[in-house]
């Protein structure tokens, strides 16, 4: 079973993430023990970042491990990650080292 963690699972953190249209503190731990950090965006925020970077840099560099969701709320994030696990999406990503994150300091969602 997949485990999903974040640094803060409060209502305020969810409201702020939904308002900003992104969340970068999501960690996924698979049955294998591999841990992945994902960047979760909605399409409005991705478009804003794309346009800003194109205007300022002339190109767009996409965030690593980017996942697009309809709305940046935990229920949508969980549903999306569970589907991506079934599709073996994480097989194509590089896991982070356990030393890069202390899972004990994260909140399971």
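The values are calculated or read from the model by the stated rules, or taken from the named source; none is laboratory data. Not measured: the values here are computed from a predicted model. FYI the Cβ positions are ideal-geometry reconstructions off the backbone, even for glycines, and counts take in every protein chain you see.
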Taking only the range 83-109 into account, find how many residues are in contact with a strand residue (DSSP E or B) (Cβ under 9 Å, 6 or more places away or on another chain), assigned to a helix (DSSP H, G or I) and at pLDDT 95 or above. 4
Given the condition in a loop (DSSP other than H, G, I, E, B) and more than 10 Å from the chain's Cα centre (by Cα), answer yes or no: does some residue in the range 44-53 qualify? no
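For every residue, the table says whether it meets (1) without any contact (Cβ under 8 Å) to a residue 12 or more places away in the chain; (2) under 19 Å from residue 96 (Cα atoms); (3) out of contact with any strand residue (DSSP E or B) (no Cβ under 7 Å at 6 or more places or on another chain).
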residue	(1), (2), (3)
11	yes, no, yes
23	no, yes, no
27	no, yes, no
33	yes, yes, yes
38	no, yes, no
52	yes, no, yes
63	no, yes, no
71	no, no, yes
The lone condition residue 59 fails out of (1) part of a loop (DSSP other than H, G, I, E, B); (2) modelled with pLDDT under 95; (3) loosely packed, with under 11 Cβ neighbours inside 10 Å is (2)
Provide a single number: the residues in the range 81-109 that are in contact (Cβ under 8 Å) with a residue 40 or more places away in the chain, within 22 Å of residue 42 (Cβ to Cβ) and out of contact with any helix residue (DSSP H, G or I) (no Cβ under 6 Å at 6 or more places or on another chain). 6
